[in-house]
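Any read-out appearing in this document is the output of simple, stated calculations on the displayed coordinates, not a laboratory observation. The shown structure was predicted, so the numbers you read here are calculated from the model rather than taken from an experiment. Cβ placement follows ideal geometry from the backbone for every residue including glycine, while neighbour counts extend to all protein chains displayed.
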Amino acid sequence: MENKTQKTEPNQAAQPAQNDAPISLEKKSAPHAKNFTLRALVWGTFLGLVLMSLTLFYAPALREGAFALLPDAKFVRDIHAASVKDLQQQLKKTERDFNTLRNRLDRLIPRDYYLIVNSSENQIIVMKNTAVVHKGTCSTGSNVMLKAALDDRQWFFATPRGMFRVHGKIKNPSWRMPDWAFIEEGLPVPAANSPERIQYGVLGDYALSFGNGYFVHGTLYKRTLGMPVTHGCIRLDDDDLVVVYKNLQVGSKIFVY
Amino acid sequence: MAFSLAKFWRRLVNPFKAFFQGLRQHPLVATIFFLTLLVPALVVLTFLVILPVANNPYEAETSSTSAAAEEHANDTTAAAVVADSAMSEELEGLTQRLLELDIRRAYLQARWELSKGDSISLSINLRDSLVSLEMKGTPIRQCRILRFEVSRALERLQAKGRLHEWLTTPFTLQKSDLATLPKAPVRVVTAPRDTLEAQARAKEEIPLEKNDVHFTLEFDRNLTLAFEQAQDLSFRGRLKKWGYELQRGYASVKEAVHALLAGELPQHRMLITLELTQEDAKAIYRALPRKAGLALLF
């Protein structure tokens, strides 16, 4: 091994001379010169393409940098300002517009109680105008697409987003189980008017409907509160449900996002 | 060890050394080499950097940002153009107040326009470091911005006193698919065939979503918002973010090439980078509809 290293040393010293071939190109044959030119062309093209790709990729950042090199931005806005008086009038008009808009926007916030449902974190907030009245945990739609094993039917379980209004308030609600509730459990689907479909006590003490068959209601499955597990309804814990039921009236707004 | 390292280094460097020595001796070959090396990059630099910056529409001396902007310009344009230098102190003070108020009014105007729609909209107030989700004018979630960066092009627009023109009309979301998390985490499940299968499935844990949150929202009028989570990333998260950055770069390259092929100069997108907590960023991304509106105060 030692010998080998020693042996290669002179070669190593000779290596640069070999690589330095183009230096003595004049004295060497034409194919050598042609080779070197070709090598330069290949390397130039390759590195050029790399450089071009980098410039292409970082063009937005380079543009940002280029903006810094531009001369300072010149104030170009046209202002109707023949005199201070004109400008003051303009300012007053803008102030008036500004205040009108601010008041209009303030009036859009509901004065009464309303419910905000955060379906990505499964949280609720009961608000009155701009004040937080109550915060709680809920369960919202699972975002599951259920496909029936025996036929082509499918259902998508998501809580709809948007602004809704309370359509009705129900005490001691019962649940009329739809087809998917049986299919999901691997059970045969009973007839449409079968008493098997009616379940009592599973929706808690109260339910508030907000359209298209969706409800805010209680649950027996408290363990899953805070998780996206429902079929689209909004499940609440008993205490939270009481607050929501007492404060929200028919017509109150429910915001789901 | 040191010896072998030196040997390795020599082996690595010597061919390059020899190549460059050769270039020094052959000016013609050197010229060809540097031309092939630099020309493609210079062409790209010219068409994708220099010309788009020089011809940036927002750098133009006259207003042309939008119909609303033109309308507003007509409202305020008159005979006298007040230049910085010519302004008396009083005039300058009044002008500054007017500009400030105009920008704030533009923000409220955009929010008012958005409140007329039915969908969830985004309102970003960089002055107070607040991002709000709004529905029918009611703020349904307010998030604190922990850090933000704004494009220089936007700062220049402000310095020109023309920012309010750009902000008066709400922005509309064009693209929102660049993200490290899915827009809607949909799971497809085939129903069990019998109760035994259903019971077995009931024992399975509900899968919890764990995603780092980084996403880009592209709006009209060349505005891009990049949302980043403030929390540290795991190794896997870093890899995912790297992939996301690559995708973002690729998207901008694609856009630039498309513009060039159409015989146009690519336009510089005004980027605002916002850092929020992971929860806030996720809630915003999931809540925004495909064509969401945005009101911006800068």
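Observations on the model:
- Within a straight-line Cα-Cα reach of under 27 Å, B:Lys7 can be paired with the following lysines, leaving aside sequence neighbours fewer than 8 residues apart in one chain: A:Lys4, A:Lys7, B:Lys17.
- For chain B, built as a Gaussian network whose Cα springs stay under 10 Å, the top-fluctuating residue of B:Pro15, B:Pro182, B:Pro27: B:Pro15
- Here A:Ser252, B:Ser119, A:Ser83 are placed in order of increasing Cβ neighbour count within 10 Å, fewest first, which gives A:Ser83, B:Ser119, A:Ser252.
- Annotation: lysines with alpha-carbon distance below 28 angstrom to A:Lys171 (same-chain offsets under eight excluded): A:Lys128, A:Lys135, A:Lys222, A:Lys246, A:Lys253.
- Short-range pairs are left out: with C-alpha atoms under 8 Å and at least six residues apart, the relative contact order of chain A is 19 percent.
- For chain B, averaging the sequence separation of C-alpha pairs within contact (under 8 Å, six or more residues apart) and dividing by the residue count gives a relative contact order of 25 percent.
- Look at the alpha carbon pairs under 8 Å that are at least 6 residues apart: their mean separation over the length of region B:101-145 gives a relative contact order of 29 percent.
- Partner aspartates and glutamates whose Cα lies under 13 Å from the Cα of B:Lys282, excluding those fewer than 8 positions away in the same chain, are identified as A:Glu121, B:Glu209, B:Asp212, B:Glu228.
- Non-local lysine pairs in region B:134-277, meaning eight or more places apart or on different chains, with alpha-carbon distances under 15 Å, amount to 5.
- Residue order, fewest to most surrounding Cβ atoms within 10 angstrom, among A:Thr55, A:Thr230: A:Thr55, A:Thr230
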